Every structure is written in C-alpha cells, then in structure tokens.
Amino acid sequence: MGIAVTKNTNLVYTDHKDKSIVLARNSESETLITLRDWKPCGVCSSPSGDLLVTMQNCKETKVLRYSGFEEKQFIHWDDEGQPLFSSASYICENRNLDICVADHIARAVIVTSAAGSFRFRYSGHSSSIDRAFTPRGITTDSQKRIITADSYNELIHITDTEGNFLIYIDNCDLKCPLDLCVDSKDNIIVAEFKTGLMKKIQCYQ
C-alpha cells in the first residue's frame, strides 16, 4: 500500500487488493478511483494537487497522473518503445517536476521529466555497497536532491538532479530502511522494516 498527504493535508492511499485509490478525511474514507486491470502501488501528491500513482499488472508497470478523478498523464515506455519500469512501489515528484521512481527489480532509480521523457537511471554507487542496490522509499529535499532508501545495504543514497552520487548515510544503524520522507527542515524521517521504528536523521548535508 502506498500512502501520501495531499496539499490539503488529507491522507490518500492505495488499496492493492481492491484496486482502488482512497482518500481519508475527518475519520471517513472515500474511494476516489477504482481500477479494473491494474493494481495501484505507490502514490505521491504533487504541489499542484495532482496524484502520481504507480501501477502494475501481471506483466507491466506504469505511472499515471490524476487530476481529480481524471487521468491526465500516462508514463509507460521510453522513446524506443521499451518499458521504463520493471516494478514501482515508491514514487515522488521533485521540485523541478521530475518524476522519480524506485524500481527495486531493476535495482535502479528511474527519473523522467514532467512530460514523461526518460532522463536518467541511477543504479547505485559501488564504493561501499556489499550487496546489489535495492531502492525502496524515495523522496527529495528543498535542494532537489534525490534521497533513496537502500534496504538490503541498510543505508541511504543521496544524488543530485542529474543522478550524480553525492553521499551515503550509513552511520545511523539503520535496520532495513523501507520508506522515508523529509520534513520542512530537510531532516529525513526513515521507517525501518526490521524494527517497525521510525528514525529522524538531522544535518546530513
């Protein structure tokens, strides 16, 4: 299940089982969108109020942008007609409007422009990784840096807007970081799969 907060501070989440996108507000829930052949996975809310949702069926993965109840954009293939994504449970929109997807099967972060054109792929940085890069949670900060949780290696990667590696966060005793976000001061809030705990990381700049 993906989860996000809208610009109106309401909660929106995906229901993989029911193939729906649900809005939770004032202790009540409302189904915004119900799908037929695709299962929604990750979701994020853009500053414009749109929802970006990753979806999968038995063979393919795509990203849809919704404005209200209407499908506004479809991101699926690159310029050569090849699928952009192998899997996509986590997604975010950067401040430059790039769309960033953590593809754990492809072991890469896939970034497209706002129009859906492929920009770059980040496949990890080998200097201190013991096992293959396994991106899960993904977010961006006020400097447009892309921040990705690497679950298997139990660290966090930070790259710039062009996919160039900047730093690792590997000194916080993380236990399988699964999802993350940043607060208004660019502190990173990390959810750990192994412990069920949330950790706040300060001053990573």
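The values are calculated or read from the model by the stated rules, or taken from the named source; none is laboratory data. Here the structure is a predicted model, which is why all the values come from computation and not from measurement. Here Cβ is always computed from backbone atoms with ideal geometry, including for glycine, and neighbour counts include all displayed protein chains. Note: areas computed on protein heavy atoms with side chains; ligands, DNA, RNA excluded. Shrake-Rupley method; radii C 1.70, N 1.55, O 1.52, S 1.80 Å.
I'd like the full set of residues that are open to solvent by 30 Å² or more (accessible area, probe 1.4 Å) and either touching a Cys at 6+ places or on another chain (Cβ under 9 Å) or among the aliphatic types (A, V, I, L, M) (or both), limited to the stretch 137-159. Result: Tyr152, Glu154.
Taken residue by residue, the stretch 197-205 has at least one member that is among the charged types (D, E, K, R), open to solvent by 80 Å² or more (accessible area, probe 1.4 Å), under 24 Å from Arg95 (Cβ atoms) and not in a loop (DSSP other than H, G, I, E, B).
Does the stretch 33-49 contain at least one residue that is within 19 Å of Glu93 (Cα to Cα), among the aromatic types (Phe, Trp, Tyr) and in contact (Cβ under 8 Å) with a residue 24 or more places away in the chain? Checking the stretch 33-49: not a single residue is within 19 Å of Glu93 (Cα to Cα), among the aromatic types (Phe, Trp, Tyr) and in contact (Cβ under 8 Å) with a residue 24 or more places away in the chain.
Where strands (runs of 3 or more DSSP E) fall wholly inside the stretch 63-110, the ranges with 2 or more residues that are surrounded by 18 or more Cβ atoms within 10 Å (Cβ to Cβ) are 90-93, 99-103. Being touching a residue at least 40 places away in the same chain (Cβ under 8 Å) and of a type in the set (A, V, I, L, M, F, W, C) holds for only one residue in Leu52, Leu64, Leu84, and it is Leu52. Residues that are in contact with a strand residue (DSSP E or B) (Cβ under 8 Å, 6 or more places away or on another chain), of a type outside the set (Gly, Ala, Ser) and surrounded by fewer than 17 Cβ atoms within 10 Å (Cβ to Cβ) within the stretch 18-32 comprise Asp18, Lys19, Arg25, Glu30, Thr31, Leu32, listed in sequence order. Starting from residues that are among the hydroxyl-bearing types (Ser, Thr, Tyr) and closer than 15 Å to Val5 by Cβ, keep the ones in the stretch 33-58 and report whichever is least open to solvent (accessible area, probe 1.4 Å). This residue is Ser46. Mind checking which residues of the stretch 9-32 are in contact (Cβ under 8 Å) with a residue 12 or more places away in the chain and closer than 24 Å to Leu97 by Cα? Once the filter is applied, which keeps residues that are in contact (Cβ under 8 Å) with a residue 12 or more places away in the chain and closer than 24 Å to Leu97 by Cα, the stretch 9-32 yields Asn10, Leu11, Val12, Tyr13, Thr14, Ile21, Leu23, Leu32.
No other residue among Ile91, Ile189 is touching a residue at least 60 places away in the same chain (Cβ under 8 Å) and hydrophobic (A, V, I, L, M, F, W, C) apart from Ile91.
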